[in-house]
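What follows is a set of notes on a single structure, which appears directly below.
The values are calculated or read from the model by the stated rules, or taken from the named source; none is laboratory data. Computed from a predicted model, the values in this text were never measured in an experiment. Using ideal geometry, Cβ is built from the backbone for each residue, glycine included, and neighbour counts are taken over all protein chains shown. Heads up: the accessible areas ignore ligands, DNA and RNA and are worked out on the full protein's heavy atoms, side chains in. Shrake-Rupley method; radii C 1.70, N 1.55, O 1.52, S 1.80 Å.
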Amino acid sequence: MDIVTPVSFAEVLAAYLRDHPVERTHEANSNPEGVESLERADQLKGGWWHVRLSRADVLGVVLPWHLSEGGARELVPRTGLTVAEAAGRIRSDGPPWYRANPVCAAKLALLEWAPFTPVFLSTSPMDHSDYSDLLVREGLIHIDGLHRMISWELVGRLPEGAELDAFVSGTLPDTPPPDPRRHRPRAGTGDERA
């Protein structure tokens, strides 16, 4: 993982909404929940960071519980899986998994060749029931981008070098926390850089 720069929550939210508008009409639009997750992650200590991830970084991202968009087979148990483990589960289950989880499978297919867009992660679990039973309590933990990361791995698109943009909430190893005066908007000004 390469650290690019500390960023404000306003910058993170703008990046998210650029690629994931909440008013988008499609089956199982989870973008409004994504905004709520980013707001929860903003409560974690350490601020926000723009980073670049390699394939190895992405494969190690811990995913919280995921019931496969209401499908018949759970993709990620409550104890969590890494992106590598979830992709391996889909590969080993094959067509029966895809048939049992048509909405999730459709998202994976849609994203296979979609342009790379930033994923959103944290360095510790958020305060939400989907994260309460995670066995891993630190590292890179998913906030938004589960289907994208898994899909890109399934078709072999993840870059070997640190090329995939991500925004991470929390304290990163060997970095000082961002200066809140510089990276938080001033109240009522709309100014993202104080």
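Name all residues of segment 87-121 having a backbone nitrogen under 15 Å from the label point set 7 Å from the Cα of His128 along its Cα→Cβ direction, giving them as ranges.
Hits in segment 87-121 for His128 at 15 Å: 119-121.
Taking all protein chains together and a probe of 1.4 Å, list Tyr98, Tyr16 from the most accessible to the least accessible.
Tyr98, Tyr16
So the label point goes 7 Å from the Cα of Ala56 along Cα→C-beta, right? Which residues of segment 1-17 then have their backbone N under 15 Å from it?
In segment 1-17, the label zone of Ala56 (backbone N under 15 Å from the point 7 Å along Cα→Cβ) covers 1-3.
Over segment 1-150, what percent of the accessible surface lies on carbon and sulfur atoms, probe 1.4 Å? List each step's numbers first, then the result.
Details: 3740 of 6900 Å².
Its accessible area is 54 percent carbon and sulfur atoms.
Pop out the ³J(HN,Hα) list for segment 77-86 in order, Karplus 6.51 cos²θ - 1.76 cosθ + 1.60 with θ = phi - 60°, rounded to Hz; leave Gly and Pro as x.
Rounded to whole hertz, the list is x, 4, 7, x, 9, 7, 4, 4, 5, 5.
In nm, give the distance between the simple-model label positions of Leu13 and Trp113, each being 7 Å from the Cα along the Cα-to-Cβ direction.
So the two model labels end up 3.7 nm from each other.
Could you tell me the convex hull volume per residue, in Å³, taken over the Cα atoms of segment 11-152?
109
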